[in-house]
Amino acid sequence: MNQPLTLSCGAMRCELVPALGGAIAGLWHNDVPVLRSTPAVLLRSVRESASYPLVPFSNRIGHGQLHWAGIRYPLAHNFAPEPHAIHGVGWQRPWTVLQTQPDYALLSLQHEPDVGWPFAFNCTQSFRLGPDSLTLSLQATNRSGIAVPMGLGWHPYFVKRASAHLRFAASGRWEMGPDKLPTVRQPLAGLDTDCATLDVDHCFDGWVDALHLHDAVFETTVRSSLPYLVVFTNPQRDFVAIEPVSHVNNALQLAGRLLCPVQALGVQTLQSGESMGAHMVIVVAPV
């Protein structure tokens, strides 16, 4: 089933495009976009979508070089001219529809080893629309015969209106080099700032409680079970990317450089047949 799906509940409407990376095409409250939104039938690129899943890793693996259990796995550079592997494989693969209801959808992805990711896994993705919220979940299962790294997350693009203000608490921020890879961690209490002049593309750790995005139209709250948060915007962008993720950017390489276990940077190691899951909730309140 490759047709777009529409979920609705009260004032909320969400359109999905399973065949295009399992992406959300749009999320609206009374037809006003919460996420940057395109009608599903018009969406042609997942990079123009409202949100897409991140699996089996978030952000970048530097220069597409995965080193795991003593073996080097070259990964496809999947977003030219980007020199790195980026955002895993889920956002570039079609997903299968398993269940649908007026306010609910369940999608699945079965991945076999390839140049995008050398380990087999299954992933399910669910969407539950409420009268003022969207709840998303991901669950990934290692289908390889060995222990493998796994990470999860989401990449939603929130509409940045003229009066937008962003607020969340954190404990640190990973600074980024000119190659878009993290360098060092600096203590930082989070952000509490207007978005118009904000220039940020960083991973924050110690994210607690919730993120609030307030403007003249909505008070939007984002919560997640995931402990890291990537925030990306600049004055030229009409969106704020707010990405709950399970691990630090480039964690698999960074752990080797810092001489720490990958788990210290959020990467989970799944044994064969083992699963990990995550959820995110977006709550919308008209101002």
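Highlighted here are the strands (runs of 3 or more DSSP E) found entirely within region 210-253 that include at least 1 residues which are closer than 13 Å to Leu35 by Cβ: 218-224, 239-245.
Taking the conditions (1) among the β-branched types (Val, Ile, Thr); (2) open to solvent by 10 Å² or more (accessible area, probe 1.4 Å); (3) over 18 Å from the mean Cα position of the chain (by Cα) in turn, Thr135 satisfies each one other than (3).
Checking Leu181, Leu152 one by one, the residue that is closer than 29 Å to Glu82 by Cβ, in contact (Cβ under 8 Å) with a residue 60 or more places away in the chain and touching a Pro at 6+ places or on another chain (Cβ under 8 Å) is Leu152 and no other. Within the set Leu138, Leu106, the sole residue that is modelled with pLDDT of 95 or more and touching a Pro at 6+ places or on another chain (Cβ under 8 Å) turns out to be Leu138. Assess whether Leu20 counts as being closer than 20 Å to Val284 by Cα, surrounded by 14 or more Cβ atoms within 10 Å (Cβ to Cβ) and modelled with pLDDT of 95 or more. Judged against the criteria, Leu20 is not a match. For region 23-60, the set of residues classified as buried (at least 18 other Cβ atoms within 10 Å of the Cβ) and assigned to a helix (DSSP H, G or I) consists of Ala40, Val46, listed by residue number.
When you check Arg128 against the structure, is it in contact with a His (Cβ under 9 Å, 6 or more places away or on another chain), without any contact (Cβ under 8 Å) to a residue 40 or more places away in the chain and surrounded by 14 or more Cβ atoms within 10 Å (Cβ to Cβ), yes or no? Considered against the rule, which asks whether it is in contact with a His (Cβ under 9 Å, 6 or more places away or on another chain), without any contact (Cβ under 8 Å) to a residue 40 or more places away in the chain and surrounded by 14 or more Cβ atoms within 10 Å (Cβ to Cβ), Arg128 comes out as no.
The values are calculated or read from the model by the stated rules, or taken from the named source; none is laboratory data. Source: prediction; values computed, not measured. FYI the Cβ positions are ideal-geometry reconstructions off the backbone, even for glycines, and counts take in every protein chain you see. These accessible areas exclude ligands, DNA and RNA; they are computed on the full protein's heavy atoms, side chains included. Shrake-Rupley method; radii C 1.70, N 1.55, O 1.52, S 1.80 Å.
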